[in-house]
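First up is the structure itself, then whatever we jot down about it.
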Amino acid sequence: MIRSLGNAGFQVTHGDMCILVDPFFSGVPGVAGRPAAKAADIPHVNLILITHDHWDHFSEREITAAVRATGAVVAGPASVISRLKGCMPAAKLREMEPPAPGRGEKCRGITEGVCGAAVTGFRTHHGRAHNSYLVEMEGFRFFHDGDNEKTDILDRRFLMNLDAIMICPWQGSGWVAFLDVLAPRYWFLMHMTDEELDAHDRGAFFPDLCDHIPAGLVALRPGQLFRQESQ
């Protein structure tokens, strides 16, 4: 089960595992709508992944509340983890600092086993410290691209055979070609304002953005659920 938590936030539930990515944040009309949930609304969480420390992706207060209530582990860049130190036991924090790619190089991910999942962080292009994440569990693999502005820095060989991708449809990021090559079972729109989602419902969003829509599109409103079909 995949639920949109608003903006770039998602709840991914597979078997007994519940993973949140960028779940709690501050909403601003026209930029990022209100989050669909607070920490108290999600009673069972194993792992929380944070892509970066921007206000529309990261709420220190709500993350702290979620860890205290559920015992979840939080993984993210050093800029995120440093803000959470002292708010929760150190054992609940995993700093992931992948190396930044050099000029003309592809991202080199770092992989850690966290809460029964293999999590690979890639240092991608947005702000001073931004991670995209590949998460692999038994029977399910997904990739959350965060606010990455350059999909061509990712080595696509490591991202084949994905069940789901969460991605921003940003002009100039190369997202259409990226999805065409990877051909995930499903891909989820994110970082969409209410106005952009309204335009999509009218069939008016993509014609001005790209020449075709890659197969597997899922567009969720904040709070909506998607249950993938069995393979």
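Looking at Leu159, Leu182, Leu93, Leu189, just one residue is at pLDDT 95 or above and either among the polar types (S, T, N, Q) or within 18 Å of Pro77 (Cα to Cα) (or both), and that residue is Leu93. Among the residues of segment 186-206, the ones that are in contact with a His (Cβ under 8 Å, 6 or more places away or on another chain) and either part of a loop (DSSP other than H, G, I, E, B) or of a type in the set (Ser, Thr, Tyr) (or both) come to 1 in all. Looking at Val74, is it over 20 Å from Ala36 (Cα atoms), in contact (Cβ under 8 Å) with a residue 24 or more places away in the chain and either crowded, with 16+ Cβ neighbours inside 10 Å or among the hydrophobic types (A, V, I, L, M, F, W, C) (or both)? No, not satisfied.
Residues that are out of contact with any Phe, Trp or Tyr (no Cβ under 8 Å at 6 or more places or on another chain), crowded, with 23+ Cβ neighbours inside 10 Å and not aromatic (Phe, Trp, Tyr) do occur in segment 148-162.
Among the residues making up segment 212-224, those that are assigned to a loop (DSSP other than H, G, I, E, B) and either within 28 Å of Lys38 (Cβ to Cβ) or modelled with pLDDT under 95 (or both) are Ala219, Leu220, Arg221, Pro222, Gly223, Gln224. With respect to (1) loosely packed, with under 12 Cβ neighbours inside 10 Å; (2) touching a Cys at 6+ places or on another chain (Cβ under 9 Å); (3) not basic (Lys, Arg), the lone exception for Met192 is condition (1).
The lone criterion from (1) part of a strand (DSSP E or B); (2) touching a Leu at 6+ places or on another chain (Cβ under 6 Å) left unmet by Ile165 is number (2). In segment 54-72, the count of residues that are over 23 Å from Asn161 (Cβ atoms), touching a Phe, Trp or Tyr at 6+ places or on another chain (Cβ under 8 Å) and of a type in the set (Phe, Trp, Tyr) is one or more. If the condition is being under 25 Å from Pro23 (Cα atoms) and part of a loop (DSSP other than H, G, I, E, B), then segment 175-185 contributes Pro184, Arg185. In segment 26-50, the residue that is modelled with the highest pLDDT out of those that are in a loop (DSSP other than H, G, I, E, B) and more than 22 Å from Gly71 (Cβ to Cβ) is Ala36. Considering Asn46, Asn7, the condition of being of a type in the set (S, T, N, Q), touching an Asp or Glu at 6+ places or on another chain (Cβ under 9 Å) and surrounded by fewer than 20 Cβ atoms within 10 Å (Cβ to Cβ) is satisfied by Asn46 alone. Cβ-Cβ distances below 7 Å connect the following pairs, each with a first residue in segment 89-117 that is at positive phi and surrounded by 15 or more Cβ atoms within 10 Å (Cβ to Cβ), a second residue that is assigned to a strand (DSSP E or B) and of a type outside the set (S, T, N, Q), and a separation of six or more residues or different chains: Cys115/Leu47; Cys115/Val73. Checking each residue in segment 118-128 for being without any contact (Cβ under 8 Å) to a residue 60 or more places away in the chain, hydrophobic (A, V, I, L, M, F, W, C) and either within 13 Å of Ile153 (Cα to Cα) or surrounded by 19 or more Cβ atoms within 10 Å (Cβ to Cβ) (or both) picks out only Phe122. Taken over segment 51-71, the criterion of being at pLDDT 95 or above, part of a loop (DSSP other than H, G, I, E, B) and surrounded by fewer than 16 Cβ atoms within 10 Å (Cβ to Cβ) is satisfied by Gly71 alone. The C-beta contact set for segment 1-12 (first residue closer than 13 Å to His44 by Cβ and touching a residue at least 40 places away in the same chain (Cβ under 8 Å), second residue among the basic types (Lys, Arg) and part of a loop (DSSP other than H, G, I, E, B), distance under 9 angstrom, 6+ apart or interchain) comprises Met1/Arg227.
The values are calculated or read from the model by the stated rules, or taken from the named source; none is laboratory data. Bear in mind that the values here come from a model prediction, so they are computed numbers and not experimental data. We place every Cβ from the backbone using ideal geometry, glycine too, and count neighbours over all the protein chains shown.
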